[in-house]
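**Student:** One structure is given below, represented as structure tokens, and several questions about it will come after.
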Amino acid sequence: MEKPKESERVLRAVELAKKAHEGQFRKTGEPYIVHPMAVKKILEEWGMDEDTIIAGVLHDTVEDTAVTLDDIRKEFGESVAFLVDGVTKLSTARAGMRDIDTYLPETRDNFLRLLIALGADIRVLIIKLADRLHNIRTLSALPPDKQKKIAKETLEVFAPLADRLNMGQLRVEMSDLAFKYVDPKRYDYLKNLIEEHNRQAAKSLKKIEGEISEALKKEKIKFELSGRVKSIYSLHKKMAKHNQNINEIYDLTALRIIVEDVTTCYLVLGVIHSLYTPMEGRVKDYIAMPKQNGYQSIHTTVITEDKRVVEFQIRTREMHEYAERGLAASFYYNEQKVTENYKAGKIEHLPTNLLWITELQQTAAKLREGKKVDLEKLKLNLFADKIFVYTPKGDIVDLPKGSLPLDFAYRLHSEIGDHVVGVKINGKMSNLNKKLEQGDIVEILTSKNQTPKSSWLSKIFTSHARAKLLHRLNEKEHQEQTKGRK
């Protein structure tokens with residue numbers, strides 16, 4: 001496929017970056033311009049929009065050269081300047097942090113800057129992830145202490161963020177490259193383990209691929225079949241869960257089947273189960289019930305005639321693109337323009353699994369207006385586990401793991417939360433102390449005569465619901481005091 005011709009704006013950005021970084025060199029000894037050009041290439045591979053690509057080219061100019069934000073604004077417009085400014089603030093914030101997940105009080109201002117940078121436009125984070133990916137690819141040029149520090153931060157902060165954005169390909173590459181520096185002996189041991197397993201499994205897998213291909217062609221199903229080897233860092237984490245017993249890990253090598261539509265995914269599942277024996281409890285339907293980051297696929301683990309255990313992953317092309325590129329794929333498919341909407345005071349619609357970004361944007365807007373925000377609770381939402389629950393009509397609501405019915409009610413609407421009298425979970429009456437589980441169907445029962453109670457504070461988990469309830473309780477108290485003075 002012929003590479004699309006670069007626009008005049010992108011070419012101008014490249015020329016400006018070359019001029020600005022002239023005479024600067026990286027630790028590798030290469031001219032500094034190699035780095036922004038590598039970031040540009042990564043953003044292009046992710047299918048990002050032109051403004052993001054230009055901001056990627058210029059992302060270090062304001063921090064490291066004589067180029068100013070005003071220069072960028074005049075030459076490339078407000079949107080690009082806004083993104084470059086966000087990346088600059090994010091770099092400044094990160095410099096004073098130990099890591100985001102366990103930040104200490106003295107790093108709170110840095111966290112605040114980070115929050116504003118991310119909340120303003122999520123493309124800032126995508127540029128930063130591209131920047132970090134190239135840096136981790138070239139980490140060998142740095143001294144060992146710097147290598148370990150950057151690698152550890154990548155494992156603790158950037159790889160989990162990539163995962164939250166469902167950028168699977170990025171998460172895998174970042175995690176494995178970083179793990180190599182954090183624990184080189186363990187990395188080499190697991191790498192050899194995987195290679196040995198693959199050598200032993202190669203002949204058997206080729207036979208299985210042939211059998212599956214023949215069966216799917218017989219059914220006149222259009223498909224793509226490929227192998228997927230488990231990443232080293234994923235294996236490291238999984239072995240910790242299984243007492244280091246590799247024989248309990250069934251997805252070291254998986255076969256991936258990509259088809260045209262959802263109906264065909266289930267047809268392929270039937271074909272696989274007609275050929276091999278499915279393992280009990282090992283069929284996972286992430287199409288009907290997506291993972292918390294929006295990942296969709298059907299996984300099934302089977303036992304072949306020669307007693308080999310094999311995992312299959314079945315998905316559509318769009319599901320595969322989203323599994324590999326996540327939020328970047330969403331930008332590509334939906335042509336989302338977050339900045340323009342943010343400037344207009346609107347929050348860009350995002351897929352349900354990415355609503356935490358919307359929350360971040362809303363919080364950033366509050367902070368810019370000088371309003372108070374509970375950062376202690378909010379920072380948990382960056383990496384908190386999410387669950388998906390459903391309304392009786394089938395609408396999906398994502399909530400942090402540990403949420404209760406009142407959290408769900410206030411997430412739907414303050415008016416619903418204020419008038420709760422009971423809850424049905426999966427069609428059965430339940431109580432307000434019951435923790436919600438993944439996939440629950442939740443029906444909130446309300447009455448106009450009901451008003452919020454202070455006792456509800458012990459029946460709430462999320463900061464969002466707590467803030468709504470406290471606001472209503474304060475209003476109620478104020479009204480009662482006003483009545484008492486009359």
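The values are calculated or read from the model by the stated rules, or taken from the named source; none is laboratory data. Keep in mind it's a predicted model, so treat the numbers as computed, not measured. Here Cβ is always computed from backbone atoms with ideal geometry, including for glycine, and neighbour counts include all displayed protein chains.
**Student:** When the residues of segment 418-452 are narrowed to those that are β-branched (Val, Ile, Thr) and surrounded by fewer than 14 Cβ atoms within 10 Å (Cβ to Cβ), which ends up nearest to Leu399 (Cα to Cα)?
**Tutor:** Val421
**Student:** Looking at segment 409-440, which of the residues that are part of a loop (DSSP other than H, G, I, E, B) and within 15 Å of Leu469 (Cβ to Cβ) is nearest to the chain's Cα centre (by Cα)?
**Tutor:** Ranking the qualifying residues of segment 409-440, first place goes to His413.
**Student:** Condition test on Gly23, is it assigned by TED's automatic domain parsing to the domain that holds Leu133, modelled with pLDDT of 85 or more and not in a helix (DSSP H, G or I)?
**Tutor:** Spelling it out, Gly23 is indeed assigned by TED's automatic domain parsing to the domain that holds Leu133, modelled with pLDDT of 85 or more and not in a helix (DSSP H, G or I).
**Student:** Additional query: Scan (1) within 18 Å of Leu399 (Cβ to Cβ); (2) modelled with pLDDT of 90 or more; (3) in a helix (DSSP H, G or I) for the single condition Ser455 breaks and write down its number.
**Tutor:** (1)
Here's the yes/no breakdown for (1) of a type in the set (A, V, I, L, M); (2) farther than 24 Å from Ile287 by Cβ; (3) without any contact (Cβ under 8 Å) to a residue 60 or more places away in the chain:
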{"residue": "Asp398", "(1), (2), (3)": "no, no, no"}
{"residue": "Asp407", "(1), (2), (3)": "no, yes, yes"}
{"residue": "Gly422", "(1), (2), (3)": "no, yes, yes"}
{"residue": "Asn426", "(1), (2), (3)": "no, no, yes"}
{"residue": "Met429", "(1), (2), (3)": "yes, yes, yes"}
{"residue": "Leu432", "(1), (2), (3)": "yes, yes, yes"}
{"residue": "Ser458", "(1), (2), (3)": "no, yes, yes"}
{"residue": "Thr462", "(1), (2), (3)": "no, yes, no"}
{"residue": "Ala467", "(1), (2), (3)": "yes, yes, no"}
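**Student:** Looking at segment 184-232, which of its residues are of a type in the set (Gly, Ala, Ser) and either part of a helix (DSSP H, G or I) or under 23 Å from Thr264 (Cβ atoms) (or both)?
**Tutor:** Ala201, Ala202, Ser204, Gly210, Ser213, Ala215, Ser226, Gly227
**Student:** Name the single residue that is farthest from Gly294 (Cα to Cα) among those in segment 441-452 being over 31 Å from the mean Cα position of the chain (by Cα) and outside any loop (DSSP other than H, G, I, E, B).
**Tutor:** So the residue we want is Thr446.
**Student:** Within segment 267-314, how many residues turn out to be more than 22 Å from Ala215 (Cα to Cα), part of a loop (DSSP other than H, G, I, E, B) and out of contact with any His (no Cβ under 9 Å at 6 or more places or on another chain)?
**Tutor:** 10
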